[in-house]
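Report on one structure; see the data block that follows.
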Amino acid sequence: MLNLLEMAVANQFKKTGEKKKLSVSGQVNDKYDVYAIPVEYLYYNDQNGRINTTYKKYKTQNVALVPEVGDSEYNDIFEKFIIDSNKEALKNTLQSIKDKTQQEPGVVLPDGRVIDGNRRFTALRLYQKEDGIPKEFNAVILQLDAQSKTDEKIIKELELDLQLGREERVNYDPIDRIYDVYSTIEVEKLMTTEEYKKASGAKNTRGINRDIRLANLILKFIQIVSPGNNPIDKFYLARDLKLDGPIEEIEGTINKLKSADKEAITEAVLVHLAVAKSDENQKDSTRIMRDLKTHILNTSDTLRHYVAAVDDKVDVIMEAFEENPIQSSNDIKVVINQDKELQSSVEKLTRSTNRLIHKGKNDSERKKTLIELENIRDNLAEINADDFSELTVDENLDAKDVLIEITDVLYKLKKDLKL
């Protein structure tokens, strides 16, 4: 079995002379030698957070791939995943390597798994194919095993630190980020929210907890449009359908709903989102969700009529998805357009919702002052004392001044209103 560490000790790879500083749990050393490792000894990490949803989509139509180093089918398929994830970034990395050689060392495991530097590894593979000259990937070799549950957590911490926690970090695609947070904390249970925060360099756990709530809402959407099997395995649908914008738009409001009909309201909103995604002429589903949130969900009088107005249409549309669960983003259009009765329910749902949104817009104009006050209240409710810990001393003083000013404004307003 391939062991890059043993090969390095046997002087089969040359040292580049660089040292890479890493924070690896359980290891005393923090500066590791960098070796020039021929690319044929390496393979892509199938647990990479950046391409997890892409690989899940692949596995719905193909068998799971067995990792294999070198010029293998496994590496060729994952190479395409990396290329397609950000073609422009890869083009820039390839040109940089051609102009200046590899500038930042990667990180690999003894069996050849690349846990940091997939884009650099890909660029070198492409460069080698282009000029036929063997290429080497400069990397640290860590004594860790991806199959060990203990080491799996350490590897994940390291991946988050290298990809998200450093100054040169490049954020994940929003859906891949949401999936990675949910999978790591709720599914694999590798980390707590606090541990994920520390490893990823997040300022607090608020965004991480929100990503978990976003994931749960996405999973509800997937259960509606593609019922059956585990919805987590179909998370790729969220990326294909570009759900991050519309789901982020409605999550906070749905989470705070106090209505006894919360579940029915959530289903109706998500079905409306599915309908919006089925319409090729409707490009801005985020705006549609914003209008629905602002003029229905946030308007108690209108919300009371919402479920009754759309309930039967929602049931018909959900039954259509139960009979024809989607497997791809294009399927959603096929299901919605499959028969006239279903199209009639879709049109009625859209008309009923739009009519309530229009009413809500008229009410909003009349109640503009009240709505602004409610928004201020909700925004203030999002802030807690922990958020101030990230501010400098001067910034904390400024924040206290702002709080005093807010208190003064409220005092004057209450006095004028004789409250």
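What to note about this one:
- Filter result for VAL69 (open to solvent by 30 Å² or more (accessible area, probe 1.4 Å), touching a Gly at 6+ places or on another chain (Cβ under 6 Å) and either of a type outside the set (Ser, Thr, Tyr) or free of Cβ contacts under 8 Å to residues at least 40 places away in the same chain (or both)): yes
- If you go through the range 12-48 and keep only what is modelled with pLDDT of 95 or more and not in a strand (DSSP E or B), you end up with GLN12, PHE13, VAL39, GLU40, TYR41, LEU42.
- Residue count for the range 220-241 satisfying the condition of being touching a helix residue (DSSP H, G or I) at 6+ places or on another chain (Cβ under 7 Å) and over 17 Å from ASP315 (Cβ atoms): 12.
- Residue within the range 273-281 that is over 15 Å from the mean Cα position of the chain (by Cα), over 14 Å from ILE332 (Cβ atoms) and open to solvent by 20 Å² or more (accessible area, probe 1.4 Å) present: yes
- Test: ASN337 is at pLDDT below 90 and within 24 Å of ARG239 (Cα to Cα): yes
- Residue in the range 101-111 that is closer than 21 Å to LYS15 by Cα, touching a residue at least 24 places away in the same chain (Cβ under 8 Å) and in contact with a Pro (Cβ under 7 Å, 6 or more places away or on another chain) present: no
- Test: ASN92 is without any contact (Cβ under 8 Å) to a residue 24 or more places away in the chain and closer than 25 Å to LEU160 by Cα: yes
- Within the range 121-134, residues that are within 15 Å of GLN103 (Cβ to Cβ) sit with their Cβ atoms under 7 Å from residues that are in a helix (DSSP H, G or I) and open to solvent by 60 Å² or more (accessible area, probe 1.4 Å), at 6+ positions apart or across chains, in these pairs: TYR127/LYS98.
- Options VAL335, VAL310, VAL409; residue that is over 25 Å from LYS203 (Cα atoms) and in contact with a Lys or Arg (Cβ under 9 Å, 6 or more places away or on another chain): VAL310
- Selection count, the range 228-255, where residues are in a loop (DSSP other than H, G, I, E, B) and open to solvent by 40 Å² or more (accessible area, probe 1.4 Å): 4
- Within the range 1-34, being open to solvent by 60 Å² or more (accessible area, probe 1.4 Å) and either closer than 20 Å to GLU152 by Cβ or among the acidic types (Asp, Glu) (or both) holds for MET1, GLU6, GLU18, SER23, SER25, GLY26, ASP30.
The values are calculated or read from the model by the stated rules, or taken from the named source; none is laboratory data. No experiment lies behind these values; they were computed from the predicted model shown. Positions of Cβ are backbone-derived with ideal geometry, glycine not excepted, and every protein chain shown enters the neighbour counts. Calculation scope for accessible area: heavy atoms of the full protein, side chains included, ligands and nucleic acids excluded. Shrake-Rupley method; radii C 1.70, N 1.55, O 1.52, S 1.80 Å.
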